[in-house]
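Contents: one structure, followed by commentary.
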Amino acid sequence: LIIPHSFPSIDKRDSKDIISLIDESYVGNKSNLNEILIKKINQFVNSDKTYITQSGSQSILIALKNFGIKEGDKVALCSINCPSVINVLRFLNLVPVFYDVRNTCDFRPSQENIEIVLNEHKPKVVIITHCFGVLVEKNIFHFISNNYRCKIIEDYSTSFPSSYSDNSKVGEYSDGVIGSFGSTKPITGGIGGFLSLRKSRFKSSYDCLHREQDIISLNTNISSINQCLILNQFDKIDEIATIKKKIIKFYCKYTSIWKHDCSLFRAITFRSSELVEKTIESYGYKLDTRECLHPYISCTYMSNASRFNKYKSLPLNIKMYNFLNHNNLL
Ligand SMILES: Cc1ncc(COP(=O)(O)O)c(C=O)c1O
């Protein structure tokens, strides 16, 4: 019996709602659900215009096109990253330049590390990643937007819906915020993403041809099944966060967990996880832990990222919670 690494918080209400959608014989995109979803996202994101998209990668692609990025342009990004982000840049024939993480136990970039890359490479765009539930400080965005001409995209994918301690929104000083509702994310509908843009030359309508040269257009619609799953998750945000915090508290009894007080996404340990794995095994279950070594091997400016050992990511989901609860381990 295996406790999976990632598992969505889907319950009876989700099944019921999805069956009634299927009974309606229409599973296409519903504009009223999109509007509700956008309102929910905008509670966390400072936005002039938010779009629901099919993935975080699609959101990055549209943001880059929206900024008029051309083949060969440089884009700065974090050395610890999701391969999909790098793939979008390769897809558009852009040149990735990497800034380093803060240190081996804090995967966010420092202002200094971003500046090194901005000064040397003068990229057209910098993608700044809020990493695993821990947000990059607002003053860094403020500083970069005041002192550099490059566009700033905030990648909120692994951290949505974490918020700043003063409850201010993400995206105050950037040109766009992107997020993902992909299957391993804190809030998931299986697939999905969002894109919030300050100045938009983009239309997500699928049924007309935009002839104006400066308007880009792409069908980014997701099905009502995904819309429904994502919307229901918004109603469960507090519940999901509480569950994750309880699991992390359990792990902390057996191993040291990185940034445990605010992690909504991954339970990461740089220490041995043998003790916790053995404890779970004594109940006849196995933990699906994932070994990660994130740094993108060929990049420059990653002395911190490349110094770190492999880390382990432990299950942080409803299946794990149910197991712990059932065995009075919480
Ligand atoms: C930091 C980050 N950005 C972007 C993405 C891409 O999102 P998607 O998988 O929805 O394309 C991911 C996905 O894992 C991610 O971790």
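The values are calculated or read from the model by the stated rules, or taken from the named source; none is laboratory data. All values derive from a computational prediction rather than experimental measurement. With ideal geometry, Cβ positions are generated from the backbone for all residues, glycine too; neighbour counts draw on all protein chains shown. Accessible surface areas use protein heavy atoms only, side chains included; no ligands, DNA or RNA. Shrake-Rupley method; radii C 1.70, N 1.55, O 1.52, S 1.80 Å.
Below, the figures for the structure above:
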quantity: Out of Pro8, Pro96, sole residue that is of a type outside the set (Gly, Ala, Ser) and assigned to a strand (DSSP E or B); calculated: Pro96
quantity: Residue in segment 177-193 that is more than 10 Å from the ligand (Cβ to nearest atom), open to solvent by 30 Å² or more (accessible area, probe 1.4 Å), in a loop (DSSP other than H, G, I, E, B) and on the phi < 0 side of the Ramachandran plot present; calculated: no
quantity: Residue within segment 124-136 that is touching a strand residue (DSSP E or B) at 6+ places or on another chain (Cβ under 8 Å), in a loop (DSSP other than H, G, I, E, B), within 26 Å of Phe202 (Cβ to Cβ) and of a type outside the set (A, V, I, L, M) present; calculated: yes
quantity: Subset of segment 101-117 that is more than 16 Å from the chain's Cα centre (by Cα) and open to solvent by less than 10 Å² (accessible area, probe 1.4 Å) - its residue that is farthest from the ligand (Cβ to nearest atom); calculated: Val117
quantity: Test: residue in segment 123-136 that is within 20 Å of Val85 (Cβ to Cβ) and among the charged types (D, E, K, R); calculated: yes
quantity: Glu137 vs. criteria away from the ligand (no atom under 16 Å from the Cβ), charged (D, E, K, R) and either surrounded by 20 or more Cβ atoms within 10 Å (Cβ to Cβ) or at negative phi (or both); calculated: yes
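Yes/no per residue for (1) touching a residue at least 40 places away in the same chain (Cβ under 8 Å); (2) buried (at least 22 other Cβ atoms within 10 Å of the Cβ); (3) part of a strand (DSSP E or B):
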{"residue": "Ile41", "(1), (2), (3)": "yes, yes, no"}
{"residue": "Ser47", "(1), (2), (3)": "yes, no, no"}
{"residue": "Ile60", "(1), (2), (3)": "yes, yes, no"}
{"residue": "Lys65", "(1), (2), (3)": "yes, no, no"}
{"residue": "Gly68", "(1), (2), (3)": "no, no, no"}
{"residue": "Gly72", "(1), (2), (3)": "no, no, no"}
{"residue": "Val75", "(1), (2), (3)": "yes, yes, yes"}
{"residue": "Ile80", "(1), (2), (3)": "yes, yes, no"}
{"residue": "Ser84", "(1), (2), (3)": "no, no, no"}
